[in-house]
1. Report the accessible area of Asp97, computed with a 1.4 Å probe over the heavy atoms of all protein chains in place, in Å² rounded to the nearest 10.
2. What accessible area, in Å² to the nearest ten, does a 1.4 Å probe give for Phe137?
3. Under 5 Å between amide H atoms, partner at least 5 residues away or on a different chain: which partners does Thr46 have, H built in plane at 1.01 Å?
4. Which lysines, if any, have their Cα less than 24 Å from the Cα of Lys34, not counting same-chain residues under 8 positions apart?
5. On the full set of protein chains, 1.4 Å probe, figure out the accessible area of Arg120 and give it in Å² to the nearest 10.
6. For Thr60, Thr107, give me the order by solvent-accessible area with a 1.4 Å probe, most accessible first, ignoring ligands, DNA and RNA.
7. How large is the direction-averaged shadow of the alpha-carbon convex hull of segment 34-103, in nm²?
8. Which GluC sites (Glu not before Pro) in segment 73-145 sit in a loop by DSSP (not H, G, I, E or B) and have at most 13 other Cβ atoms within 10 Å of their own Cβ?
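The values are calculated or read from the model by the stated rules, or taken from the named source; none is laboratory data. The structure displayed is predicted, hence computed values, not measured ones. Using ideal geometry, Cβ is built from the backbone for each residue, glycine included, and neighbour counts are taken over all protein chains shown. Accessible surface is based on the protein model in full, side chains and every heavy atom, while ligands, DNA and RNA are left aside. Shrake-Rupley method; radii C 1.70, N 1.55, O 1.52, S 1.80 Å.
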Amino acid sequence: MKITMSSLAVLALLGGAAAAQSQESVGDAAAGEKVFNQCQACHVVTDDAGNTLAGGAGRTGPNLYNVVGRTAGSVEGFRYSSSMVAAGEAGLVWEADTFVPYVQDPTPYLREYLDDKGARGAMTYKVRKEEDAKNVFAYLKSLGSQGEGDGSGDASGS
């Protein structure tokens with residue numbers, strides 16, 4: 001009985017470690033940097049010190065610094081659609097499992113998330129391939145995420 005319980009405990013730990021590893025290994029950041037070239041027409045990644053890490057003059061969309069792990073629609077001073085604000089208030093947080101499908105088809109994603117056929121997102125661009133969306137997520141995560149550092153970037157992302 002002890003051997004069985006010990007074996008189960010080890011298997012549970014290994015399964016948890018594998019799940020954590022697969023969550024962290026979503027996408028290829030180097031490939032995501034190339035895909036982000038399409039995003040920089042609207043978005044920039046500027047850290048808390050004002051250093052531009054990616055993008056250029058794109059200001060149509062919110063700054064994506066520290067977007068990973070942040071509540072949707074929460075950049076202070078950025079004007080989001082009412083649907084994006086509602087999604088954030090309903091608990092939408094940008095992680096791989098939410099970011100990837102959102103950037104592939106923003107308005108339908110918000111409609112499903114909010115269970116509101118009238119919901120609309122302001123982002124009109126769609127990342128067509130799931131792999132590209134995962135890569136962009138990995139790239140943005142490599143530039144900074146809510147779970148890293150001192151947390152001072154809470155109000156500077158999406």
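1. About 110 Å², ignoring ligands and nucleic acids.
2. About 10 Å², ignoring ligands and nucleic acids.
3. Leu53, Leu64, Tyr65
4. Straight-line reach from Lys34, under 24 Å: Lys126, Lys129, Lys134, Lys141.
5. Arg120 exposes around 140 Å² with every protein chain in place.
6. I get Thr60, Thr107, largest accessible area first.
7. 4.9
8. Glu76
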